[in-house]
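Below: one structure, written as structure tokens.
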């Protein structure tokens, strides 16, 4: 159990939770406020991360220019998907978005010259270049580390991720309190009623899709920086399901429930690495990874069955139907 | 080359079509988009492998046992998971998310039980049948024959038998069917059995066609199956059959070199969704679906 007591472990849980907070926040706006069933969220994370990595490593751009462009690319992809897909019924939309995320992953796996292929970003540039992108992020992280006076890189990352996450949470919290946010909730409750009051429902849905995609793009940037390399397999549909679990675990329609859900998820995800007590210690490391996902699957099923409003959800405003 | 690809497409399409009927029937009756269906297929394929490989039973007997096991699994899960959700009058979202959780659990349990290494059935992979310019492996021939038999049997079952007709009635209008005296919970049980049997046979056929498979292979099959279900109009069994065959043929023919140089074969699943996207632009309710106000 010593690993659970070490600060490094908790910093890692915190970083994972922070990245997933930003990632799942987009889903919360899309589903918790506008009722959209986006099951392809991971695609936009991938697009953000890949756009940044490709521009920095292959095109030699500055990180501070490439990163915002990655977010813009993710949001633009959300619009591109939304224009045709939003015409579909909700259940078709859900399936089409999963398919979109798989198509993005197929392209990333197979277009070696663009993305580095199945080897991932390690194959993007010369050896040593890909590892560090161009060093700008590492220097920034080191400066934050020095400024905070902490010994671990992870703690610096933890602080950066959570500052960004808190700002984004606050902005979204403010946004859903405006008339714009009220229209979203009206669309969630009754699309036809909102339309009959002269609200341009497809435009609102597109805006929410682009907003959520952009947030996923930001999460993708941090994912890329935290793990140095990534490959298409890091963006499997599983990540989208994790984000859904976070949103429902925390509570639907409540912005500040997202970090709570992400914290529980981060602990489940990273903490179950340490399931090394008997009888689980008889299992090999790979087998314990399977057990970890079984636990997460059971949590999803258990939530749906037993507590559809999540930990912090308001039962009278929104319950999972 | 064209005929070879068409034959390959028929093989791929048959497997997709059988699975798509299983998904579509369950959707029609329970309004459940079963995301775990790919893992049901993997379950059927691996249980069949257990009887066929380690226990040394013939492939036909093993397949039947694998299908029965998948049907039993479906019934057990209905009692443990889906019935409580129905009792709560849960909506689309709950069902879909629960099936995602179930897919996760099922796949990891299969990985724990069978490990990630590829498996293959005890059949002769080198026996080849030549018909004109088309060469088919034994597995492909078996797939076409089994699929054709299954499709005909399914068509007769749905159109002629009482159970099949009540299933379609229920899919069409649940309240009306219940008023007409149909025992809804019995039909639901029959539907799970049928969808489980179909998942089992589709899994085995997919395993035969691919020659090797592992616990993850169900999920890779799932997206073309979903595309076929939507293409045919979700909930419509005949539409799912037609959608599956059409997509299978489209996926294989897209690699034909005379067709704009041919698509890279790795993008076959993308082709399935390209076709689907094009079709939905014209008919948002699917080829055989009815436009209705929900």
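Name the residue, out of A:195, A:142, A:156, that is buried (at least 18 other Cβ atoms within 10 Å of the Cβ), over 23 Å from residue A:214 (Cβ atoms) and without any contact (Cβ under 8 Å) to a residue 24 or more places away in the chain.
Among A:195, A:142, A:156, only A:156 is buried (at least 18 other Cβ atoms within 10 Å of the Cβ), over 23 Å from residue A:214 (Cβ atoms) and without any contact (Cβ under 8 Å) to a residue 24 or more places away in the chain.
Can you name the residue in the range A:70-95 that is touching a residue at least 24 places away in the same chain (Cβ under 8 Å) and under 18 Å from residue B:33 (Cα atoms) and, of all such residues, is farthest from the other protein chains (Cβ to nearest Cβ)?
Here the residue is A:93.
Can you confirm whether the range B:267-280 contains a residue that is closer than 19 Å to residue A:100 by Cβ, assigned to a loop (DSSP other than H, G, I, E, B), at the interface with chain A (Cβ under 10 Å from one of its Cβ atoms) and modelled with pLDDT under 80?
No, because not a single residue in the range B:267-280 is closer than 19 Å to residue A:100 by Cβ, assigned to a loop (DSSP other than H, G, I, E, B), at the interface with chain A (Cβ under 10 Å from one of its Cβ atoms) and modelled with pLDDT under 80.
For the list (1) in contact with a helix residue (DSSP H, G or I) (Cβ under 7 Å, 6 or more places away or on another chain); (2) more than 14 Å from chain A (Cβ to nearest Cβ); (3) more than 23 Å from residue B:148 (Cα to Cα), I need the number of the one condition that residue B:263 fails.
Status for residue B:263: all satisfied but (2).
Does residue B:46 satisfy the condition of being away from chain A (no Cβ under 14 Å), more than 24 Å from residue B:158 (Cα to Cα), surrounded by 23 or more Cβ atoms within 10 Å (Cβ to Cβ) and under 20 Å from the mean Cα position of the chain (by Cα)?
yes
Residues are listed down the side, and each one gets a yes or a no for (1) surrounded by fewer than 21 Cβ atoms within 10 Å (Cβ to Cβ); (2) assigned to a helix (DSSP H, G or I); (3) within 14 Å of chain A (Cβ to nearest Cβ); (4) within 14 Å of the chain's Cα centre (by Cα):
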{"position": "B:178", "(1), (2), (3), (4)": "yes, yes, no, no"}
{"position": "B:181", "(1), (2), (3), (4)": "yes, no, no, no"}
{"position": "B:195", "(1), (2), (3), (4)": "no, yes, no, yes"}
{"position": "B:200", "(1), (2), (3), (4)": "no, yes, no, yes"}
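Taking the condition of being more than 27 Å from residue B:105 (Cα to Cα) and not in a helix (DSSP H, G or I), how many residues in the range A:214-234 meet it?
2
What are the residues in the range B:212-244 that are over 10 Å from the mean Cα position of the chain (by Cα), facing chain A (nearest Cβ under 9 Å) and either within 19 Å of residue B:167 (Cβ to Cβ) or crowded, with 24+ Cβ neighbours inside 10 Å (or both), if any?
B:227, B:230, B:234
Does the range B:53-83 hold any residues that are loosely packed, with under 15 Cβ neighbours inside 10 Å and at the interface with another protein chain (Cβ under 10 Å from one of its Cβ atoms), and which are they?
Listed by number, the list holds a single entry, B:80.
How many residues does the range B:97-122 contain that are surrounded by fewer than 22 Cβ atoms within 10 Å (Cβ to Cβ) and out of contact with any helix residue (DSSP H, G or I) (no Cβ under 6 Å at 6 or more places or on another chain)?
Matching residues across the range B:97-122 total 7.
The values are calculated or read from the model by the stated rules, or taken from the named source; none is laboratory data. Computed from a prediction, not measured in an experiment: that's the story for all the values here. Because the Cβ atoms are built from the backbone with ideal geometry, glycine has one as well, and the counts that use them run over all protein chains shown.
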